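Comments concern the structure below.
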Amino acid sequence: MSTPAAEKEPMSPASGPAHTGSEDMTLNVDPNTLTVDDLYDKDKYDLETMDNKLVFQLLQCGPEGLTQSEAEARIEK
């Protein structure tokens, strides 16, 4: 049986919960060090149950997505 979304706490790989628990949620991980494998590992980051603000912070984008130049810069990395 799976854990209900309200009970699931997103985790960062090294520092525990992905947010501080306050109203103003922030990540406790440097998004620049994340790999695609980290993002697909639901034990580390369950994007489906995380607050949208944290997901956008983690992916370093907003609801509008990336601009063409931002996308090109990421591809070049």
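Rounded to the nearest 20, the size of the Cβ-charge dipole of the range 25-77 about its Cα centre is 100 debye, with Lys and Arg at +1 and Asp and Glu at -1.
Label separation (residue 49 vs residue 74): 2.5 nm, computed from points 7 Å beyond Cα along the C-beta direction.
Choose one of 34, 56, 67: the residue whose Cα lies farthest towards the positive end of the charge dipole of the range 23-68 (beta-carbon charges +1 Lys, Arg; -1 Asp, Glu; about the Cα centre). Value computed over the given set: 67.
Computed from the coordinates by the stated procedures, all read-outs in this text should not be read as laboratory data. Please read all numbers here as calculations on a predicted model, not as lab measurements. Positions of Cβ are backbone-derived with ideal geometry, glycine not excepted, and every protein chain shown enters the neighbour counts.
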